Structures are given as structure tokens and as C-alpha cells.
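One structure below.
The values are calculated or read from the model by the stated rules, or taken from the named source; none is laboratory data. Remember, predicted model here, so these are calculated numbers, not experimental data. So basically every Cβ, Gly included, is an ideal-geometry build from the backbone, and we count neighbours across all protein chains shown.
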Amino acid sequence: MKTAIFSAHKFEKEYYAKQAAEKHDLLWIEAPLSEDTVMLAHGCKAVCIFANDDGSEKVIKKLGEAGIEFLVLRSAGFNHVDLKATKAAGIKVARVPEYSPYAVAEHSVALMLALNRKLIKANNRIRDGNFSLDGLTGFDMHGKTVGIIGLGKIGKIVASIVHGFGCNIVVYDPSPDRELEQKFGVIYTDIDSVCKASDIITLHAPLTSETKYLVNKDRIELMKKGVMLINTGRGGLVNTRDVIAGLKSCKIGYLGLDVYEEEKGLFFEDHSGEVLQDDVIARLMTFQNVLITSHQAFLTNTALANIADITISNLNDFEAGKKCVNEIDENT
Ligand code: NAI
């Protein structure tokens, strides 16, 4: 089946080579899907997109007009796709619901440790011939309280890792899994109590109208002075301007971000030869206690292999006229 793969990255192609070569005609397109690039999919039956491609109503309508019947996402999150519009256009949609929650959870903990133990600063110093320890003091994770917002597949693995460190764990999740109270000693509570009690807060909820800006000025106000905030969920979970105010007032002591609300068109791409136009991320980058990665939490060889396997299996199901197990709709 001829499938246009938008936002194609060098690092992922090799994982498709073996399984897809015989069955599918994959058209690799580096550009992200947008109103301007839809025409590149002409002649294809399916389109495959990543987390920052444009799945808005306008683009979906154009995909429908171009004869696209199947939209397959190489991501678990689907907040970027208008599922009412895909239904109206008669386009089926499937995603990769799980490829390696370990990859994302481990990256979240990597951000915690790197910020706490000031690893980036230490490494830069040593490369500069400066072996002094002043200003590098961290804290023991053992005995600290970690607040997890969203205890699903990824959040649970974060809980298991920090439980291993000897942390206390408080959680907000509207659908509690009571088994975890025994297993990792997690305490379920409301979101404001998580904000008040935690030394480290890590976000693993999906981005919905309900969770948009769940970290905002009022919630930051509730947090402990010097709190560490980690976001590998979605950029829109935090109000970035409020977080900058929290960093300036020293209420937020550490910030680790793998996602950013305006990351589209910025993350995943090399802009090193250009003038940075985004003043908000530019301000974030001036803080010594902020660590930003470019939506790379998923980026392990295990995750990439799983994404490729499931994507090809979604295409196979569709081509065979089978109901795809990973199909999503407005009610997902
Ligand atoms: P999941 O669906 O297994 O877990 C999400 C959890 O959030 C569920 O337990 C759900 O009950 C809970 N939740 C729903 N509404 C909530 C609310 N209002 N407040 C608090 N919790 C709420 O999803 P999974 O696989 O754990 O992924 C979580 C998110 O991580 C994804 O939605 C995606 O946005 C993000 N992600 C980021 C990646 C990255 O590379 N940075 C890669 C993969 C996922």
C-alpha cells in the first residue's frame, strides 16, 4: 500500500526497512504534514504522521479530498488530530498506544537526576579544566516526596523507579489503580495536595481540555519553595509563562522539560544556523536550573523498533480489510 510518511527522521528509517520493504510502498517525506504539504501525499492511500504534525480539521479535510483512507500515527498521544474531522472525512485512524513506557519513564528520571546532581554544569566545568565542586551540591532522592500526576503506563514505571530510590510517592489520577498502593506505597490524593506535598512533581497525564495548563500560577503558588518540576507529557500541561515567573521568584528550583507548548516547528529540527524567534523558550534557556530536551524521551532503540512494528501491523490490518486493534475515534 502506498503510504506517505511525514516528518520522517533519519533515526527511524532503518527500523522499517526489513518488514515494510516487500509489502508497502513507503514514501519518506522530511517535511511535517501541514496545509502546505498535503499535496505530497497525492496518489497514496495512507498517511503516517508523528507527534507534531498538523492533524487539524483543515488538513484532514484536504487529506480526505486527496483520497487518503487511513491515517496512522507513530505516537501514542493523539491530541494533535481532530478525530471529528477524520470521521467526517471517512478516514480511519490508528496509533501506537504503547511502544516503550520504560523509555519515557527512564528519561523523566534521567532529567530528575541530571538536574539534582547538576551533571550538565559539572561536565561543562570539567571540560573547561575546572574541577571545583562549589555550587554542585545536590540532594538525596531517598526520603523525598515525588508527586506523580497521571499514573498510567508511564507514571507507574516512574513510581517503580523512585520507589526503588526510597522516595515517598503521592499521586493524582482520576482513575486510581488501588494495587499500586500496596506495590509502591503510593498515596492517591487530589491535585492541589500533590502540589503542596511534593519535592519533585512529574507530569504523565494526557493533554486534554481538562489537563491544559494544569500547572499554572495558582498551583505553582501551592508548591514547596525550590520544587523540581518535570514534564515529559505534553507542553500544554504547563503554562510556560507562569513557570518562568515561578523560576524567577525561585519558587521553582529545577525545571526539566522534554516537551514545550510551542514545540511545533522547533523541536526535532536543526535551527542552529538561525536566529531563535521564540522569546519564551529563549528565556527558559537562560536559567541554569532548567534542562530541556527536544521531545526525545521516547528515543530508544527498543521504542523505535516497537513503533515501526506496530505501525506496519496497523497498515497490514487496514490493507487486509481487518478491524485494526489500535484504531481510535472520538470516544477513545
Ligand atoms: P496512559 O493513558 O497509560 O496514562 C495516562 C494516565 O493519566 C491515566 O492513568 C489517566 O487516568 C490519567 N489521567 C487522565 N486524566 C487525568 C487528569 N486530568 N489528571 C491526572 N491524570 C489524568 O498514558 P501513558 O502511556 O502513560 O502516556 C502519558 C502521556 O505521556 C501521553 O498522553 C503522552 O502525551 C506522553 N508521552 C510523551 C512521550 C515523549 O516522548 N515525551 C512519549 C509517549 C507519551
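Only one of these is under 23 Å from residue 162 (Cα atoms), of a type in the set (D, E, K, R) and in contact with a helix residue (DSSP H, G or I) (Cβ under 8 Å, 6 or more places away or on another chain): 242, 192. Name it. Spell out how you get there, then give the answer.
On the way: 242 fails: under 23 Å from residue 162 (Cα atoms).
None of the other options fit; the residue is 192.
Quick one: which of 164, 129, 155, 135 is part of a helix (DSSP H, G or I), over 19 Å from residue 215 (Cβ atoms) and not basic (Lys, Arg)? Break it down into steps so the answer makes sense when it comes.
Numbers: 129 fails: part of a helix (DSSP H, G or I); 155 fails: over 19 Å from residue 215 (Cβ atoms); 135 fails: part of a helix (DSSP H, G or I).
Selected residue: 164, the only one of 164, 129, 155, 135 that is part of a helix (DSSP H, G or I), over 19 Å from residue 215 (Cβ atoms) and not basic (Lys, Arg).
When 98, 69, 106 are screened for being away from the ligand (no atom under 16 Å from the Cβ) and either among the acidic types (Asp, Glu) or buried (at least 16 other Cβ atoms within 10 Å of the Cβ) (or both), only 69 passes. Is there a residue being within 21 Å of residue 329 (Cα to Cα) and either within 16 Å of the ligand (Cβ to nearest atom) or among the basic types (Lys, Arg) (or both) anywhere in the range 10-18? No, the range 10-18 contains no residue that is within 21 Å of residue 329 (Cα to Cα) and either within 16 Å of the ligand (Cβ to nearest atom) or among the basic types (Lys, Arg) (or both).
Restricting attention to the range 299-311, report how many residues are within 12 Å of the ligand (Cβ to nearest atom) and in contact with an Asp or Glu (Cβ under 9 Å, 6 or more places away or on another chain). The qualifying residues number 4. Suppose we filter 115, 119 for residues that are in the same structural domain as residue 258 (by TED's automatic domain parsing), away from the ligand (no atom under 16 Å from the Cβ), at pLDDT 95 or above and closer than 17 Å to residue 297 by Cα; which single one remains? None of the other options fit; the residue is 115. Pairs linking a residue in the range 73-86 that is closer than 15 Å to residue 47 by Cβ and among the aliphatic types (A, V, I, L, M) to a residue that is within 11 Å of the ligand (Cβ to nearest atom) and part of a loop (DSSP other than H, G, I, E, B), with Cβ atoms under 6 Å and 6 or more positions apart or on different chains, are 73/95. Screening the range 167-190 for residues that are within 14 Å of the ligand (Cβ to nearest atom) and either part of a helix (DSSP H, G or I) or on the phi > 0 side of the Ramachandran plot (or both) and picking the one that is surrounded by the fewest Cβ atoms within 10 Å (Cβ to Cβ) gives 179. Return the residues of the range 223-235 that are over 17 Å from residue 191 (Cα atoms) and crowded, with 21+ Cβ neighbours inside 10 Å; say none if nothing qualifies. Those that are over 17 Å from residue 191 (Cα atoms) and crowded, with 21+ Cβ neighbours inside 10 Å: 232, 234. Within the range 1-45, the set of residues being over 22 Å from residue 268 (Cα atoms) and in contact (Cβ under 8 Å) with a residue 60 or more places away in the chain comprises 1, 19, 20, 23, 24. Only one of the listed residues (207, 222, 266, 237) is touching a Leu at 6+ places or on another chain (Cβ under 7 Å) and either more than 10 Å from the ligand (Cβ to nearest atom) or within 25 Å of residue 167 (Cα to Cα) (or both). That residue is 237. Would you be able to say whether some residue in the range 74-86 is within 16 Å of the ligand (Cβ to nearest atom) and of a type in the set (Val, Ile, Thr)? So far as the range 74-86 goes, yes, one or more of its residues are within 16 Å of the ligand (Cβ to nearest atom) and of a type in the set (Val, Ile, Thr).
Looking only at the range 129-152, residues that are of a type in the set (A, V, I, L, M, F, W, C) and away from the ligand (no atom under 16 Å from the Cβ) come to 5 in all.
Elements of the type helices (runs of 4 or more DSSP H) sitting completely within the range 191-258 and holding at least 2 residues that are more than 14 Å from residue 172 (Cβ to Cβ) and either in contact with a Cys (Cβ under 9 Å, 6 or more places away or on another chain) or touching a residue at least 40 places away in the same chain (Cβ under 8 Å) (or both): these cover 217-222, 240-248.
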